[in-house]
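Everything on this sheet refers to the single structure shown next.
Values in this text are rule-based calculations from the coordinates and carry no lab data. In this text the structure is predicted, and so the values were computed from the model without any measurement. FYI the Cβ positions are ideal-geometry reconstructions off the backbone, even for glycines, and counts take in every protein chain you see.
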Amino acid sequence: MAPSKSADLILHPVRLQILQTLLGGRELTTAEIGGELPEIPAATLYRHVATLAKAGVLEVVRERPVRGTTERTYRLELERTSVDENELSAMTPEDHRRAFTGFVAGLLQAFDRYVEDGSADLKRDGAGYRQTALWLDDEELADLVAKMQGAIAGAAANGPGEGRRRRILSTVLIPTGQEG
């Protein structure tokens with residue numbers, strides 16, 4: 001069985017990078033996206049942006065004529081970037097591995113771009129990667145997730161502003177199967 005169309009669309013490594021570039025309410029042209037993703041060939045980038053726009057994941061917010069063509073500015077339609085519960089439950093273990101690999105590949109590429117020029121300072125920048133084990137029953141887990149979602153939603157409502165720097169927060173929660 002193939003993964004859902006939504007998972008295939010969103011978790012493709014190139015498209016995932018495009019989506020990450022637009023997170024945080026950013027509005028960018030394809031050329032601006034390409035400036036932040038120089039490792040992606042222009043033809044590949046334009047093809048994947050068109051795929052995301054056709055699927056409604058990217059919305060055209062402005063158009064302007066430029067040298068005989070039309071330059072479009074895109075915004076991410078965040079609510080169109082999730083895979084629903086029915087699609088997730090229909091995915092096979094291999095589908096999940098492939099989707100997770102795409103997700104992790106996108107994280108690695110974002111981290112590579114961050115550290116690439118040698119000026120990264122994780123402490124100064126508030127960057128990091130860490131892992132901890134939590135012993136939670138289902139109710140405690142649901143409470144933790146709700147609190148995290150509330151805190152993140154509040155911060156995600158912020159727009160660009162004086163002293164603000166765009167940051168990407170990614171979460172992964174994996175049960176180990178061990179019980180206490």
Being in a loop (DSSP other than H, G, I, E, B), within 22 Å of the chain's Cα centre (by Cα) and either farther than 22 Å from residue 14 by Cα or of a type in the set (S, T, N, Q) (or both), is that true of even one residue in the range 93-115? no
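Go through the range 22-32 and give me each residue that's surrounded by fewer than 20 Cβ atoms within 10 Å (Cβ to Cβ) and part of a helix (DSSP H, G or I).
If the condition is that a residue be surrounded by fewer than 20 Cβ atoms within 10 Å (Cβ to Cβ) and part of a helix (DSSP H, G or I), then 31, 32 are the ones that fit.
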Residue under evaluation residue 35, criteria (1) in a helix (DSSP H, G or I); (2) surrounded by 16 or more Cβ atoms within 10 Å (Cβ to Cβ), criterion not met: (2)
Selection over the range 54-66 where residues are within 18 Å of the chain's Cα centre (by Cα) and within 15 Å of residue 34 (Cβ to Cβ) yields a count of 1
Of the residues that sit in the range 90-112 and are free of Cβ contacts under 8 Å to residues at least 24 places away in the same chain and charged (D, E, K, R), which one is farthest from residue 21 (Cα to Cα)? 94
Restricting the range 67-87 to residues that are in a helix (DSSP H, G or I) and under 22 Å from residue 14 (Cβ atoms), the one nearest to the chain's Cα centre (by Cα) turns out to be 78
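Could you identify the single residue in 60, 83, 49, 66 that is surrounded by 15 or more Cβ atoms within 10 Å (Cβ to Cβ), among the β-branched types (Val, Ile, Thr) and free of Cβ contacts under 8 Å to residues at least 40 places away in the same chain?
Values: 60 fails: surrounded by 15 or more Cβ atoms within 10 Å (Cβ to Cβ); 83 fails: free of Cβ contacts under 8 Å to residues at least 40 places away in the same chain; 66 fails: surrounded by 15 or more Cβ atoms within 10 Å (Cβ to Cβ).
Going through 60, 83, 49, 66 in turn, just one is surrounded by 15 or more Cβ atoms within 10 Å (Cβ to Cβ), among the β-branched types (Val, Ile, Thr) and free of Cβ contacts under 8 Å to residues at least 40 places away in the same chain: 49.
Given the criteria surrounded by fewer than 15 Cβ atoms within 10 Å (Cβ to Cβ), closer than 27 Å to residue 157 by Cβ, touching a residue at least 12 places away in the same chain (Cβ under 8 Å) and polar (S, T, N, Q), does residue 6 qualify? Working first, answer last.
Numbers: surrounded by fewer than 15 Cβ atoms within 10 Å (Cβ to Cβ): no; closer than 27 Å to residue 157 by Cβ: yes; touching a residue at least 12 places away in the same chain (Cβ under 8 Å): yes; polar (S, T, N, Q): yes.
No; evaluated as a whole, the condition is false for this residue.
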Of all residues in the range 143-177, which are hydrophobic (A, V, I, L, M, F, W, C) and outside any loop (DSSP other than H, G, I, E, B)? 144, 145, 146, 148, 151, 152, 153, 155, 156
